Structure formats: structure tokens, C-alpha cells
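The values are calculated or read from the model by the stated rules, or taken from the named source; none is laboratory data. Predicted model, so just to flag it, every value in this text is computed and none were measured. We place every Cβ from the backbone using ideal geometry, glycine too, and count neighbours over all the protein chains shown. Areas reflect the complete protein model, heavy atoms only, side chains present, ligands, DNA and RNA absent. Shrake-Rupley method; radii C 1.70, N 1.55, O 1.52, S 1.80 Å.
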Amino acid sequence: MSGNATFASLSTQLELLQASLDQTEKDMNVYWLLLGGALVFLMQCGFGMLEAGCVRSTSVVNIVFKNLMDACIGAFFFYMMGWALAYGDDTTTSTRNGFVGNQAFFLVTDAHFGFQKGVDDVAAQGGFDTYTYALWFFQYAFCATAGTIVSGAMAERTQLNAYFIYSAWICGFVYPIVVHWCWSSAGWASPFVSEDTNTMQRLGKGIQDFAGSSVVHMVGGFSALAGAILVGPRRGKEPIVNDEGKLEKPFRFDPRADPADFLGHNKVFQTLGMFILWTGWYGFNCCSTLVLNAATAPVAAKVATTTTLG
């Protein structure tokens, strides 16, 4: 009897130890995402400093205010609809849509209303667990980065109201849809969908994007290119000769004026912004493993080395 009791006690202790280890691993994964999200969010400061240093002193307030509102507007619209369009139908096979997500607007699912009676744990009902909230924060930081890329490309020649509309549009609609295509478990180009339901999987392995080179930077880069084409170059303010042969001061976007070089006003801001962005890249790239364990730790270490050298 004593032997059986000892074995039972030991078995119970091992189960408790395993449960503790499992919980520690979950907590570590949450911490990993929060750390990465914080580093990526720090890049907002880097963008602000870099762009503030690259524009004229008269435009500093405008550019840093746009960076601030990028983070604020992006957070609200990614919370309101961005996450839902990106990942909203990942857990419900019957409602999956290869083009766009359709659930969890405002991060609310049916589980949050207690539709499954008798289940106290919201996560057990299909709602969000702690890791999912951490993943939302991590993905929001990515989303804000995609939005902020554009502010520098259109610096000194964009009205604030128009820029705020753009920020809401890209963070709430454009970027999340591209995320859904490439990173969700339902997207038409995602490598995380089974071959029988995914055209790209049948052709190969889907789009392989580890840390957002296409999902984040392609979206931000092409948006910046489109914006720069629309607003045109910064024009010089040297007097021009009008049709009457008289000297005339051109208006800001006067097509008669030649594009001019505008020197950045602060090299220190530019350098500090560069180093802050460099620091943020470690969170951007390394933490894109999404979890930290024996299998992903070597990958994160190699990614850190590649990021430093690249």
C-alpha cells in the first residue's frame, strides 16, 4: 500500500511539475511577443526622429504629429476592424474566407457574450486567451509601422486631415487584408492552410514571409510610392518668370517651379532615429518566431546575427 501511495504521490507531483512547465512556456511566449511588440512600437520614435531630422525646421511639428497620430489612429482602427479582417475567422472553419476575415470586430467574439453556457473560461469557448491578446499587440505594432512608412515619403506636402484619412484606411483595411492573405490560416496565399483548400499551396508552399518583407514593407512602400506620385515633388521657392515677363513667387505646388533639394535641418535627429530603428529591427525580425522554445531560439539567434550584418 505504501508503495502504491508513494507512486501515486510521485505521479501527482510529476503532473503538477509538467503543468507548471507548460504554463511557464505559455508565459514565456506571451513575454516574447510583448517584448517584440514593444521594440517594434519603439520604431515609431525612430521614424519620428529620422523624419524630423530630414525635413526643414518649420515642418518638424507637422511630421512628429503625423507620427503620433499614426500610432493612435492605427491602434483604434486595428482594434475596431483590422484584427477582424486579418485573423477574424481563423478558428471557425465553416466561415473561413480566403480574401478577408469576418469575425472579432472590436476583439469581441460570440464567446465573450457567453453564448456557450456552462463554460466559464472565455478562451475555452473560442474567445481570446492571453497569448492572442499579446499577438494582437505584436501585430498592431507591425500595422503601425506599415502606416508610418508613408509619412516620410510625403513629408512637407500633405495636409493633416488627408493624412489621417489615409492612416485609418491603411491600418483598418488595406494592411489587414494583405495579412489575411499571407499569414492567417484561411488566406488564399497563406502557407498555413491545407493544400486541399489553398490554390497557392497546390502550386507550391504559399507565400513565405517570415517577418513582413512583403506583408509590411511592400504595403507601406507601395503606399508611399503612390502617395509621392500623387502629391509630387517639393518645389523650390525661387522667383519664376510669369507669362507677362515679370518675376513671381511660385505657390507651394506650382508646376512651373523646379523640384528643389531641401536639406535636413538636424543630423543628430537623423542619427538617433537610425539607431532607434536599428534597435527596433531586432524585435521586428527575431520575435517573428512568435514563440520562444528549444526549436525557435536558435532561429531567433541567427536572425539577430543576420539583422546586425544586413
Hey, with R₀ at 25 Å, roughly what FRET efficiency would Val268 and Arg157 work out to, going by the Cβ-Cβ distance, to 0.05?
0.55
If I ignore ligands, DNA and RNA and count only protein heavy atoms, how much of Tyr131 is accessible to a 1.4 Å probe, in Å² to the nearest 10?
60 Å²
Which listed pairs, of Lys26/Lys66; Lys205/Lys302; Lys246/Lys267, have C-alpha distances above 27 Å, in listed order
Lys26/Lys66; Lys246/Lys267
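Stokes-Einstein D for the stretch 264-304 at 4 °C, 1.567 mPa s, Kirkwood Rh over Cα pairs, in µm²/s?
Rounded to a whole number, D works out at 112 µm²/s.
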Using a 1.4 angstrom probe on heavy atoms only, work out the carbon and sulfur share of the accessible area of the stretch 260-307 in %.
73 percent
Taking R0 as 30 Å and r as the Cβ-Cβ distance between Trp169 and Val108, the FRET efficiency 1/(1 + (r/R0)^6), rounded to the nearest 0.05, comes to 0.85
Accessible surface of Cys72 - all protein chains present, 1.4 Å probe, nearest 10 Å²:
70 Å²
